[in-house]
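Participant: Pasting in a structure now, in C-alpha cells, and then I'll have a few things to ask.
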Amino acid sequence: MTQQLSLINTTTSPDTTTIVSRDIYLSLFATDDRDFLLSPTGAQIKISDLHDKIVGIYFSANWYPQCQSFTKLLIQVYEQIKAKKDSAFEIIFVSSDEDLNAFNNYYQSNMPWLAIPFSDLDTKKALNNRFDVEGIPCLIILQPDHDAGIVHDGVELIYRYGVEAYPFTKQRLDELLKQEKEKHERQTLSNLLMNHDRDFLLAHSASKKVLISSLIGKTIGLYFSAQWCLPSRKFTPKLISIYQKIKAKLSEQEDFEIIYVSTDHNQLEFESSFSVMPWLALPFGDPINKELTKYFDITGIPTFIILGPDGKTVTKNGRSLINLYEEEAYPFTEARVKLLEKQMDEDAKNLPSMEIHAGHRHELTLVSQENGGGPFICCDCDEQGSGWAYQCIDCGYEVHTKCVRPVVQMSSA
C-alpha cells in the first residue's frame, strides 16, 4: 500500500479550522474554571504538563463494538510506547458514552490514559468540531512542534503499524510507507506464510499437514474470519459452496486453494470453525495470523484476499466478487472482473426498470454505478455488492438484482 497518509501541513492557511498552533489546541482542553484532565484514578492532571508531549485525542464510546475492540489494541500500543526510553506520549479520551455510569465503566476499568470530564459537554463538542470527527473510533495525533502537522488517521496507523508508528511524524510515516512498498514488491507466498520454525499449513488429510512449498504456482485465497463473527458465519457456507464449484471446474493445469487466517478467541473456537472448512489453515495462535492482518490492513471480517500464482496480491475484494459473480469470479483477475462487469451490463438490459420486492414496501428502481448505484450492502442478504442494483429512491433500501423477490400484482377485473 503506497497511498499517502493524511498528515496536514500546518504551514498552509492559518485560518483553516484544523491548522492551528499547539497552544490553541491545548486551550481546547481547558475551560475558565478547569485547567486539568482526569486520570483513571480520579486524580487531576494539569494540562500544562502536556506542553512537550505528543498527544493523541481519542474519540470513542462504550456502546460501539468497534470502539471496544480498538481500545484493547490501543491500550497495548500505548503501554509499549510508554515503556520506551524517553517516550513523551499521552492520550486524552473524549467520550461519546450515553451517561456518566457508562463513561466510568468504560474509562476507569479499561483506559490507562487521561480524559476530558464527562460533564464537560462544551469542550467535547468543540474538539469534535475542531477536528471534524465524523465517526468513532477516531484518533487524532498532535505533535509538540505545531509545524510538524496533525495526523487525522491515527486509528488506521495503529491497526497497520502498531507501536512502530511512534512518534507519528511525517519522517516516520514516510519510512513506514517505503518499507511497506518494498515488502509488497518482494511478496511471495513463502515469505507471507512461513516463519522460522514452520513450513506447513494445517489440513484435513491423514498427515494433517501440507507443505507451503506445494502451493507455489496456485491461486490462493486468504480467508480472514472467526466463529464469533456473525457475518463470517453467514459467509462461510457460501464460500464453501463456491470453493467446491471452482475446484470441480478447474483443468489439470490449474489449482485453487483457500487458507483460513483465524481471529478466533481460543483454540476451541478455531477447531470448531476449521472443522467445517474443506481447505487449509494457519495454526491458531501462530504470529503470522496477526502479521497478515496488519500487512493487508484488515479492519473487518470476513475478508477474502486473493493471491495470484506468482504470490502477488490480485485483489482484496474477494468477498465482494464471490457475492457478485460466485464461481464465475475465478481467477479474480482484473481482466476477468472487467469481462464479468461487461456481461452484467448486458444482462441488465433485460431487467425491469422497476420492481416491487417482497422484502420492502416501496417500489425499487434499477440503478447502475453511473446513475446512482455504487458499492452497497444488500438489505436482503446482508452481503456486499456493487454495480447494478435495485434501489429505493425514497429511503435508500438497496438489494442485489439476484436478491429481488418480485411481487406479482393482480390486475383489476
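Participant: From the cross-link list Lys72/Lys124; Lys294/Lys316; Lys316/Lys349; Lys53/Lys170; Lys209/Lys294; Lys349/Lys402, which pairs have alpha carbons spaced over 18 Å apart?
Facilitator: Working: Lys72/Lys124 22 Å; Lys294/Lys316 13 Å; Lys316/Lys349 29 Å; Lys53/Lys170 16 Å; Lys209/Lys294 25 Å; Lys349/Lys402 14 Å.
Violating the 18 Å Cα-Cα cut-off are Lys72/Lys124; Lys316/Lys349; Lys209/Lys294.
Participant: Another question, if that's okay. Whose amide H sits under 5 Å from the amide H of Phe256, counting only residues 5 or more places off or on another chain, with H placed in the peptide plane?
Facilitator: none
Participant: Determine the share of the chain's accessible area contributed by carbon and sulfur atoms, expressed in whole percent, with a 1.4 angstrom probe.
Facilitator: 51
Participant: Points 7 angstrom from Cα along the Cβ direction at Glu327 and Lys294: gap in nanometres?
Facilitator: Going by the 7 Å Cα→Cβ label model, 3.9 nm.
Participant: Which value, in debye to the nearest 20, gives the size of the charge dipole of region 136-244 about its Cα centre, when Lys and Arg are +1 and Asp and Glu are -1 at the Cβ? All intermediate terms of the calculation are to be shown ahead of the outcome.
Facilitator: Working: 14 positive and 12 negative charges, 174 e Å.
Dipole about the Cα centre, nearest 20: 840 debye.
Participant: Could I ask something else about it? Can you tell me the orientation of helix 230-249 relative to the chain, as the angle in degrees between its alpha-carbon axis and the longest Cα principal axis, to the nearest 10?
Facilitator: On a 0 to 90 degree scale, this one is about 40.
Participant: Ok, one more. Using the Karplus curve 6.51 cos²θ - 1.76 cosθ + 1.60 with θ = phi - 60°, work out ³J(HN,Hα) for each residue of region 51-61 in order, rounded to whole Hz, and write x for Gly and Pro.
Facilitator: Each residue of region 51-61 in turn: 4, 10, 10, 7, 10, x, 9, 10, 8, 7, 7 Hz.
Participant: Suppose R0 equals 41 Å. What FRET efficiency, 1/(1 + (r/R0)^6) with r the Cβ-Cβ distance, do Ser119 and Lys170 give to the nearest 0.05?
Facilitator: 0.65
Participant: Quick one: net charge of Ile246's neighbours, Cβ under 15 Å, K/R +1, D/E -1? Working shown, then result.
Facilitator: Details: positive: Lys218, Lys238, Lys245, Lys247, Lys249, Arg319, Arg336; negative: Glu252, Glu254, Asp255, Glu257, Glu326, Glu327, Glu328.
Net local charge, Ile246 excluded: 0.
Participant: I'd like the accessible area for Trp63, computed on protein heavy atoms only with a 1.4 Å probe and all protein chains in place. Round to 10 Å², please.
Facilitator: Its accessible surface works out to 130 Å², give or take rounding.
Participant: What is the local net charge at Cys138, summed over the other residues whose Cβ is closer than 14 Å to its Cβ (Lys, Arg +1; Asp, Glu -1)?
Facilitator: Net charge in that neighbourhood comes out at -2.
Participant: If we count every other residue with Cβ under 12 angstrom of Phe284's Cβ, Lys/Arg +1 and Asp/Glu -1, where does the sum land?
Facilitator: Around Phe284, the charge tally is -3.
Participant: Treat the chain as a sphere of radius equal to its Kirkwood radius over Cα pairs and apply Stokes-Einstein at 25 °C in a medium of 0.890 mPa s; give the translational diffusion coefficient in µm²/s, rounded to a whole number.
Facilitator: Stokes-Einstein gives a translational diffusion coefficient of 100 µm²/s.
Participant: Now for a separate question. Only bridges with both residues in region 171-309 count here: give the DSSP antiparallel percent, nearest 5.
Facilitator: 55
Participant: Could you name the aspartates and glutamates in cross-link range of Lys249, using Cα to Cα under 14 Å and dropping any fewer than eight places away on the same chain?
Facilitator: List returned: Glu257, Glu326, Glu327, Glu328.
Participant: In what order, largest first, do Arg130, Arg160 sit by accessible area if the probe radius is 1.4 Å?
Facilitator: Largest to smallest exposure gives the sequence Arg130, Arg160.
Participant: Heavy atoms of the protein only, probe of 1.4 Å, neighbouring chains included. What is the accessible area of Asp52 in Å², nearest 10?
Facilitator: Surface open to solvent at Asp52 totals about 90 Å².
Participant: Say each of Lys342 and Ala43 gets a label point 7 Å from the Cα, pointing the same way as Cα to Cβ; how far apart are those two points in nm?
Facilitator: With each label point 7 Å from Cα toward Cβ, the separation is 6.9 nm.
Participant: Expressed in nm to one decimal, what extension gain is obtained for the pair Gln68 and Lys85 from 0.36 nm per residue of sequence separation less their Cα-Cα distance?
Facilitator: Numbers: separation 17, 0.36 × 17 = 6.12 nm, distance 2.85 nm.
Difference between extended and current length: 3.3 nm.
Participant: Short version: ³J(HN,Hα) in whole Hz for each residue of region 91-101, in order, from phi by Karplus 6.51 cos²θ - 1.76 cosθ + 1.60 (θ = phi - 60°), x for Gly and Pro, what are they?
Facilitator: 10, 10, 7, 10, 7, 10, 5, 6, 7, 5, 4
Participant: Which sequence of Asp310, Asp345, Asp97 reflects their accessible areas, 1.4 Å probe, from the largest down? Mind dumping the intermediate values first?
Facilitator: On the way: Asp310 100, Asp345 75, Asp97 15 Å².
Putting Asp310, Asp345, Asp97 in descending order of accessible area: Asp310, Asp345, Asp97.
Participant: Can you work out the accessible area per residue across the chain, with the rest of the protein chains kept in place, probe 1.4 Å, in square angstrom?
Facilitator: 51
Participant: Which whole-Hz ³J(HN,Hα) couplings does region 205-221 yield from phi under the Karplus relation 6.51 cos²θ - 1.76 cosθ + 1.60, θ = phi - 60°, glycine and proline marked x?
Facilitator: Going residue by residue, I get 6, 4, 6, 6, 9, 10, 5, 4, 4, 6, 9, 4, x, 9, 7, 10, x Hz, with x marking Gly and Pro.
Participant: Quick one: ranking Tyr397, Tyr58 by accessible area, 1.4 Å probe, largest first, what do you get? Before the final figure, lay out each step's value.
Facilitator: On the way: Tyr397 35, Tyr58 0 Å².
The ordering from most to least exposed comes out as Tyr397, Tyr58.
Participant: On to the next question. Tally the DSSP beta bridges in the chain and give the antiparallel ones as a percent, rounded to 5.
Facilitator: Working: 37 of 55 bridges.
Bridges in the chain that DSSP calls antiparallel: roughly 65 percent.
Participant: When the helices in the chain are scored as -39500 (n - 2.57) per DSSP H run of 4 or longer and the sum is shared across all residues, what 222 nm value do you end up with, to the nearest 500 deg cm²/dmol?
Facilitator: Numbers: 12 runs with 134 residues, N = 413.
The per-residue figure over the chain is -10000 deg cm²/dmol.
Participant: Now for a different question. Taking Cα pairs under 8 Å and at least six residues apart, what relative contact order does the chain come out at, in percent?
Facilitator: Relative CO of the chain lands at 12 percent.
Participant: Now for a different question. Which of the listed residues, Gln187, Pro167, Leu157, is farthest toward the dipole's positive end in region 146-216, when Lys, Arg count +1 and Asp, Glu count -1 at the beta-carbon?
Facilitator: Gln187
Participant: Let me know the charge dipole size of the chain about its Cα centre in debye, to the nearest 20, where only the beta-carbon of Lys, Arg (+1) and Asp, Glu (-1) is charged.
Facilitator: On the way: 40 positive and 56 negative charges, 213 e Å.
Using only the charged Cβ atoms, the result is roughly 1020 debye.
Participant: How high is the relative contact order of region 116-182, given as a whole-number percent (alpha carbon pairs under 8 Å, six or more residues apart)?
Facilitator: Rounded, it is 19 percent for region 116-182.
Participant: Could you tell me what a quarter of the Cα convex hull surface of region 260-413 works out to, in nm² with one decimal place?
Facilitator: Its Cα hull, projected and averaged over all orientations, spans 12.5 nm².
Participant: Given an 8 Å cut-off on Cα distances and at least 6 residues of separation, report the relative contact order of region 70-181 as a percent.
Facilitator: After rounding, I find 23 percent.
The values are calculated or read from the model by the stated rules, or taken from the named source; none is laboratory data. Quantities reported herein were computed from a predicted structural model and do not represent experimental measurements. Note that we place each Cβ from the backbone using ideal geometry, even for glycine, and neighbour counts take in every protein chain shown. Remember, those area values only see protein heavy atoms, side chains included, never the ligands or the DNA or RNA. Shrake-Rupley method; radii C 1.70, N 1.55, O 1.52, S 1.80 Å.
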